[in-house]
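Following: one structure in structure tokens, then a few remarks.
The values are calculated or read from the model by the stated rules, or taken from the named source; none is laboratory data. Because the structure is predicted, anything quoted here is derived from the model rather than measured. Cβ: placed from backbone, ideal geometry, glycine included. Neighbour counts: every protein chain shown. Heads up: the accessible areas ignore ligands, DNA and RNA and are worked out on the full protein's heavy atoms, side chains in. Shrake-Rupley method; radii C 1.70, N 1.55, O 1.52, S 1.80 Å.
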Amino acid sequence: MDVRSAEPTTDELLEITLAATEMLNFVLLLQARKLANSATSGPTGPGDYLDERIAAAAAPLERHARRMTAIFTDHQAWINQHLRSELQANTGLAPGDRSNAEQVLARRNEDYAQGVIDAMRRVVGDAPATYSREVVACDLLVGVVGGGLMTCFKTVGTGCLVAGMGAGLALALC
């Protein structure tokens with residue numbers, strides 16, 4: 001059997017869940033920092049604390065992006081079929097979240113896995129370009145949505161919640 005059409009292992013799905021939630025946390029911290037910068041006019045305030053949290057949250061992102069790239073590459077056909085099913089299902093995501101997720105993951109030929117792979121490669125610098133924090137955040141959110149949807153059925157809704165939050169945030173920011 002071609003591994004690309006095989007379902008990811010439970011361990012791989014748990015890795016995706018962890019990666020997606022930590023990526024979402026990082027983007028939310030960036031947004032909190034942006035808000036703190038606009039709300040304070042001096043060196044006081046939550047800025048230093050947020051900078052420490054952002055640095056700590058950034059540490060595992062490259063590793064997570066590399067693992068998501070590997071898993072989405074290794075199981076691309078199965079993932080595309082699964083994501084198509086999740087986006088067409090009447091369960092899991094709320095209708096508004098489903099529509100948002102479809103917009104974030106929109107790809108020609110419904111190759112959703114390749115969209116996540118491309119975004120994760122940009123995060124780790126495999127694709128040529130210089131990205132700002134905002135662009136990296138948008139690429140991370142593609143991973144959050146794809147990863148969250150991948151794990152809806154294994155995480156009793158947690159993956160769906162993460163995907164919905166990531167999709168809404170991506171549409172607002174990107």
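Between Asn90, Asn25, Asn100, the residue with the greatest mean-square fluctuation in the GNM of the chain (Cα pairs under 10 Å linked by springs) is Asn90.
Taking 8 Å as the Cα distance limit and 6 or more residues as the minimum spacing, I'd like the relative contact order of the chain as a percentage.
30
Ligands, DNA and RNA left out, the 1.4 Å accessible surface of the chain is 53% carbon and sulfur atoms.
One decimal place: the segment Arg63-Asn90 gains 6.4 nm when fully extended, by the rule 0.36 nm per residue minus the C-alpha distance. Computed from Cα positions, the angle between helix 133-150 and the longest principal axis of the chain comes to roughly 40 degrees. Helix 112-124 axis versus longest C-alpha principal axis of the chain: approximately 40°, rounded to the nearest ten. Placing a label point 7 Å from the Cα of Ser5 along the Cα-to-Cβ direction, the residues of segment 80-108 whose backbone N falls under 15 Å of that point are 80-82. Over segment 55-99, the fraction of Cα-Cα pairs per 5 Å bin, rounded to whole percents and listed from the shortest bin up, is 5, 20, 16, 14, 16, 19, 10, 1. Once C-alpha pairs closer than 8 Å and six or more residues apart are averaged by separation and normalised to the residue number of segment 70-160, the relative contact order reads 31 percent.
A 1.4 Å probe run over the chain, with the rest of the protein chains in place, finds 50 Å² accessible per residue. Stretching Gln31 away from Ile54 to a fully extended chain increases their span by 7.3 nm, per 0.36 nm per residue minus the current alpha-carbon distance.
Which order do you get for Arg33, Arg108, Arg121, Arg133 if you rank them by accessible area with a 1.4 Å probe, largest at the top?
On the way: Arg33 45, Arg108 210, Arg121 90, Arg133 140 Å².
So, going from the largest accessible area down, we get Arg108, Arg133, Arg121, Arg33.
Seen against the Cα atoms of the chain and their longest principal axis, helix 10-39 is set at about 30 degrees.
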